[in-house]
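The values are calculated or read from the model by the stated rules, or taken from the named source; none is laboratory data. Here the structure is a predicted model, which means the values were calculated and not measured. All Cβ positions, even for glycine, are placed from backbone atoms using ideal geometry, and neighbour counts span all protein chains on display.
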Amino acid sequence: MKILIINTLYYPQKVGGAEISVQLLAESLVNMGHQVRVISLIDDETLRNDVVNGVSCGYYPMPNIYWPYKNGVDISRVKKILWHFNDYLNRRAYDIVLNEVKNFDPDIVHTNNLAGWSVSVWSAAKKCNKKIIHTTRDYYLIHYNSTLFNKGKIQKENAFFVKVLNVFKRVASKKVDGFVGISNFIRQAHINGGFFPSSKKYTIYNSVTKNTENKIIPGNGNGNGNGKKRFGFIGRLTIEKGFDIFCKIAKNYKNDYMFYAAGDYVERDNIYNLAVDSGVNLMGHVTLDLFLSSVDIVILPIKWNEPFGRVVVESILSGKIVITTPVGGISELAEILPNIYLSDNIEKDFISFLDKEKKELTDFQEIRFNAKNIADEYLNAYEDVIM
């Protein structure tokens, strides 16, 4: 099968878990004998073609007025409005995808994160009479901020103002033949929001590779040699990810336990000061291996409706206990995997989690998110859509 995959970013560029998931899928499909081309966007002025682990890759210059993934760069409100206006119907992106579809002639077009591309890519694929399957990995279609989280609150996908802003995308979603949610939660959120009314619908979780090496300090639950148990937070150090709650816990218990945080700051000064004042050891941007080998228990007090929860799965597969909140797709993960403890108030319930027993994973749980298994699920969906 010939498969054209479209995503905002692709290896080596990464801002979140979507790029990892798309890469694992593309490479698994190639390993299974399929011909895959991935097109993504870069902060450059010229097209670059490459082959990465057998995957044909086309890296296109951003077809919009600026590159939105630079940290610490202030963009004017006018520019942001213009960027999002262009992202409703982007003619340059349409032309790029139209040309790609004509040249590659895929059996199916698989779209993922579309910020920068816009939903015009669906029109380009349909112009060539191609079947389309779309995977929702965030809330970009429902709301322009992609998180449905604003001013400390979760926004409703069917709120009047939200539906006014996304009406064009909702109409465009009628062109999609198959719709995949990376959790039941995000799939239902898009259905509730009026998207993909005539599409075949699937839930396919992200593939997650098991961490096989702990090169620094084995996280065995017994502390790091000074008798103190080690708690860790990994991800973007932001309010919606709950880093402020992690810092409050650390401040209350910094004399009894060790607290580590791995990730980049967004609100740099406030976050940095908050962490230092709370006794959190900031590790910066480090590998997952290094982080997991430095902690015993992972705390993720997430506030927004996390679509999936990759870090949760990665931590569990690496033998850690995870304390987190029952938001988004995370509640589903707690039904599939052991050692995930949920609380709506982690700060209050922290002590009650300290003596939880760690359970062993079953063989099924070990391979549930295996890349080949997830690729098989996508192939079944592709074939179902093409029929």
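Computed quantities for the displayed model
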{"read-out": "Within the range 93-210, helices (runs of 4 or more DSSP H) holding 1 or more residues that are in contact (Cβ under 8 Å) with a residue 40 or more places away in the chain", "value": "120-127, 167-172, 184-192"}
{"read-out": "Flag for ASP244 being charged (D, E, K, R), buried (at least 16 other Cβ atoms within 10 Å of the Cβ), at pLDDT 90 or above and farther than 30 Å from ALA375 by Cβ", "value": "yes"}
{"read-out": "Test: residue in the range 317-326 that is in contact (Cβ under 8 Å) with a residue 12 or more places away in the chain and within 24 Å of LEU141 (Cα to Cα)", "value": "yes"}
{"read-out": "Of all residues making up the range 253-279, the number that are touching a residue at least 24 places away in the same chain (Cβ under 8 Å) and either in contact with a Lys or Arg (Cβ under 8 Å, 6 or more places away or on another chain) or among the aromatic types (Phe, Trp, Tyr) (or both)", "value": "13"}
{"read-out": "Some residue of the range 316-324 being among the charged types (D, E, K, R), touching an Asp or Glu at 6+ places or on another chain (Cβ under 8 Å) and over 21 Å from ILE245 (Cβ atoms)", "value": "no"}
{"read-out": "Single residue of the range 326-378 satisfying the filter (of a type in the set (Val, Ile, Thr) and over 25 Å from the mean Cα position of the chain (by Cα)) that is surrounded by the most Cβ atoms within 10 Å (Cβ to Cβ)", "value": "THR362"}
{"read-out": "The range 41-55 - residue that is assigned to a strand (DSSP E or B) and free of Cβ contacts under 8 Å to residues at least 40 places away in the same chain and, of those, surrounded by the most Cβ atoms within 10 Å (Cβ to Cβ)", "value": "VAL55"}
{"read-out": "Scope the range 29-40; condition closer than 19 Å to THR135 by Cβ and either more than 23 Å from the chain's Cα centre (by Cα) or surrounded by fewer than 22 Cβ atoms within 10 Å (Cβ to Cβ) (or both); matching residues", "value": "VAL30, MET32, HIS34, ARG37"}
{"read-out": "Residue count for the range 295-321, restricted to those that are more than 20 Å from PHE185 (Cα to Cα), outside any loop (DSSP other than H, G, I, E, B) and among the hydrophobic types (A, V, I, L, M, F, W, C)", "value": "6"}
{"read-out": "Scan of the range 192-216 for residues that are at pLDDT 80 or above and over 30 Å from VAL167 (Cα atoms), ordered by number", "value": "SER207, VAL208, THR209"}
{"read-out": "Answer residue from the range 281-309, given it is within 22 Å of SER207 (Cα to Cα) and of a type in the set (S, T, N, Q) and is surrounded by the most Cβ atoms within 10 Å (Cβ to Cβ) among those", "value": "ASN305"}
{"read-out": "Qualifying residue in the range 293-312 (condition: in the same structural domain as PHE243 (by TED's automatic domain parsing), free of Cβ contacts under 8 Å to residues at least 40 places away in the same chain and aliphatic (A, V, I, L, M))", "value": "yes"}
{"read-out": "Count - residues of the range 347-387 that are under 30 Å from ASP244 (Cβ atoms), of a type in the set (A, V, I, L, M, F, W, C) and not in a helix (DSSP H, G or I)", "value": "2"}
{"read-out": "Residue match in the range 23-40 (condition: in a loop (DSSP other than H, G, I, E, B) and over 18 Å from ILE108 (Cα atoms))", "value": "no"}
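Each row is one residue, and each column tells you yes or no for (1) closer than 19 Å to SER352 by Cβ; (2) among the polar types (S, T, N, Q).
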site	(1), (2)
LEU237	no, no
ILE249	yes, no
ALA275	no, no
VAL280	no, no
THR287	no, yes
PRO301	yes, no
VAL313	no, no
ILE316	no, no
